[in-house]
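This report refers to the structure that appears directly beneath it.
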Amino acid sequence: MSLFGKGKSSEDGVTEARQQALAEALSHGTVPSFVKTRLAETLSGKRPWVSTAMPSGLLASRSHGIRPLGLVSGNCWFHFGYSWTRGHYEGWHTAIDRLRLEAALLGANAVVDVTMQVKHMEGTGNEDHMDYAVRGTAVRIDGLPESSNPALATVSALEFARLLEAGIVPVGIAIGAHYDWLVANQFSQGMVASYWNQEWEALSNFLTQVRRQALRELRDDGTRLGSGILAHTQHSELYRIEPDENNPYLRFLARHIAIGTAIIHDSRSRRSLCIRPVINVSDAIRLATTDTTLEVL
Amino acid sequence: MGDITETLPQHAIERLKGLRDTSRQGGIFTSDFSVNEFLMVGEAGFEPLGLVIGSCIYHTGIQYAGWAKNQEMSVLSQAMYEARELAMSRMEQEAQALSADGIVGVRLEVKRMDWDKDILEFLAVGTAIAHSAGHPGFKGPDGKPFTSDLSGQDFWMLLQSGYRPLALVMGSCVYHVAHQGMFQSLGNLGRNVEMPLFTQAMYDARELAMERMQTEAQESGAEGVVAVALHEGSHNWQPHVIEFFAIGTAVKPIEDKAIIPERLIPQIVIPVND
């Protein structure tokens with residue numbers, strides 16, 4: 001195979017052309033022509049399909065008619081100009097939109113097994129930029145027409161099928177990120193430098209407000225997508241920043257980031273899960289403590 | 001080949017075709033549920049309403065203990081209890097504003113601040129839920145929302161066993177364990193002996209924490225407390241100072257006979273794929 005030998009003389013030209021196509025696509029919010037071609041060829045069967053699923057995931061194509069189309073991805077290397085916190089919101093959403101674009105070209109009904117990844121530039125010690133990347137497997141469900149607005153799910157194809165059966169469609173990823181500053185005047189500082197128990201009320205309220213605002217944003221972001229949010233990531237920090245020549249007072253910086261899966265459900269069409277409690281007796285130690293496990297999904 | 005589209009609800013099919021969802025009647029919930037938790041809370045007949053939080057940043061007072069004395073650090077005990085209680089009550093207020101019947105999956109966290117060892121942050125987070133059919137028999141003490149650290153799965157299991165949660169109850173005791181004198185240490189050299197002073201300290205601290213939790217449960221009108229956990233820890237304190245923290249969900253039997261689920265008998269299984 002001469003995969004690497006082919007077209008060696010024009011390598012520079014090809015690289016340049018690809019870079020140009022990428023730059024153009026990114027600035028216009030489209031997919032580069034060579035990616036478009038590959039996806040089209042994958043869809044038509046000229047190229048093999050690609051899936052992140054393990055062999056067990058292929059069961060879903062036989063049992064539920066969920067067929068893998070191809071691996072789709074999107075990324076956004078983002079520089080935090082004015083806010084690290086808001087950068088998370090914008091970086092993730094840009095990357096997710098790009099993944100959605102690729103999936104739509106495949107006419108996918110959904111993208112399953114979506115994973116989120118961040119990357120820092122190693123060794124530079126540079127904290128003000130990083131890469132947000134998402135990838136997943138675009139799937140088509142037999143009996144349904146093509147979709148231009150695929151649903152996004154962080155679960156595998158099999159679990160996706162089970163969720164659908166329970167009347168739940170995971171549709172996308174919602175993010176809420178908020179930060180704020182609190183300037184502490186001398187009065188509020190003096191209050192807590194004491195020997196007795198007391199709450200630092202101003203700081204409690206401040207942090208609570210920041211968290212609430214982030215959660216409100218999470219909800220608003222989710223409203224675009226679905227009817228509910230299952231938030232899997234919550235992260236908050238509170239920093240104390242000492243006064244300097246520009247800022248005569250002590251300041252606090254608080255931030256909160258929440259990331260969740262948006263779902264669509266209709267509680268009126270809920271079906272019973274028919275759960276059976278079981279006692280697992282395969283493990284001798286467990287037998288002694290009678291550990292009861294549930295069969296849910 | 002199976003065809004899942006025949007069995008799917010209409011709103012699911014519409015969304016997968018790329019159409020906008022039409023089943024929504026405004027309103028969206030937030031939660032920190034996992035998918036399984038969400039399914040099980042639904043199975044229990046409840047709906048999530050929203051993620052609720054309460055926070056309290058607390059400056060703990062200063063107390064000195066005798067070097068060779070076993071004693072409770074009551075200033076710190078009070079601080080640890082009061083701050084958690086404040087965070088919890090703020091979380092409950094949020095749930096009340098959502099007209100919730102209760103809060104499940106409550107997590108209580110204590111965070112230290114790098115910049116001041118006397119300042120701790122107490123955080124309470126949970127998901128407010130309401131009974132789908134609006135049954136009034138699930139509220140906690142005084143008609144307020146119940147609180148529980150049980151997961152959605154355990155909440156379902158609790159209802160199956162005929163009980164309902166009332167309140168997350170807790171007891172805290174910060175204790176100073178006496179240092180051993182020089183003569184005592186020398187006397188123990190080369191011998192296997194119990195150190196009674198240390199044993200007593202652990203015993204006393206544990207007992208105080210559990211006693212307080214039990215009293216709180218009693219006051220809430222509970223029949224029992226499930227899923228009790230005893231935590232031991234130090235929050236930036238000097239050596240020999242530890243906190244015993246007991247936490248559990250106070251429960252009582254479901255009063256309304258009409259909503260007690262049928263008896264579930266666990267089935268014994270041996271997995272064959274191990």
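Here are the numbers:
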quantity	calculated
Any hit, the stretch A:197-204, residues being at the interface with another protein chain (Cβ under 8 Å from one of its Cβ atoms), modelled with pLDDT of 90 or more and within 30 Å of the chain's Cα centre (by Cα)	yes
Helices (runs of 4 or more DSSP H) wholly inside the stretch B:133-242 containing at least 1 residues that are under 23 Å from the mean Cα position of the chain (by Cα) and more than 14 Å from chain A (Cβ to nearest Cβ)	B:196-219
So B:Glu223, is it in contact with a Pro (Cβ under 7 Å, 6 or more places away or on another chain), among the acidic types (Asp, Glu) and either modelled with pLDDT of 90 or more or within 30 Å of B:Glu47 (Cα to Cα) (or both)	yes
Test: A:Arg219 is more than 25 Å from the chain's Cα centre (by Cα) and either at the interface with chain B (Cβ under 7 Å from one of its Cβ atoms) or farther than 25 Å from A:Thr85 by Cα (or both)	no
Selection status of A:Leu152, buried (at least 16 other Cβ atoms within 10 Å of the Cβ), modelled with pLDDT of 90 or more and under 29 Å from B:Met88 (Cβ atoms)	no
Conditions (1) touching a residue at least 40 places away in the same chain (Cβ under 8 Å); (2) under 30 Å from A:Asn247 (Cα atoms); number of the one not met by A:Val134	(2)
Residue pairs meeting the criteria (Cβ under 6 Å; at least 6 apart or on separate chains; first more than 7 Å from chain B (Cβ to nearest Cβ), in the stretch A:226-245; second surrounded by fewer than 20 Cβ atoms within 10 Å (Cβ to Cβ) and of a type in the set (A, V, I, L, M, F, W, C))	A:Tyr239/A:Leu253; A:Pro243/A:Leu250
Test set (1) outside any helix (DSSP H, G or I); (2) more than 18 Å from the chain's Cα centre (by Cα); (3) of a type in the set (A, V, I, L, M); (4) surrounded by 16 or more Cβ atoms within 10 Å (Cβ to Cβ) - A:Val50 fails condition number	(4)
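Each row is one residue, and each column tells you yes or no for (1) of a type in the set (Gly, Ala, Ser); (2) within 23 Å of A:Val112 (Cα to Cα); (3) modelled with pLDDT under 90.
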site: A:Thr15; (1), (2), (3): no, no, yes
site: A:Leu39; (1), (2), (3): no, yes, no
site: A:Pro55; (1), (2), (3): no, yes, yes
site: A:Leu59; (1), (2), (3): no, yes, yes
site: A:Pro68; (1), (2), (3): no, yes, no
site: A:Arg86; (1), (2), (3): no, no, yes
site: A:Ile96; (1), (2), (3): no, yes, no
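The values are calculated or read from the model by the stated rules, or taken from the named source; none is laboratory data. Keep in mind that this is a model prediction, so the values were computed, not measured. Glycine also receives a Cβ, built like all others from the backbone with ideal geometry; neighbour counts cover every protein chain displayed.
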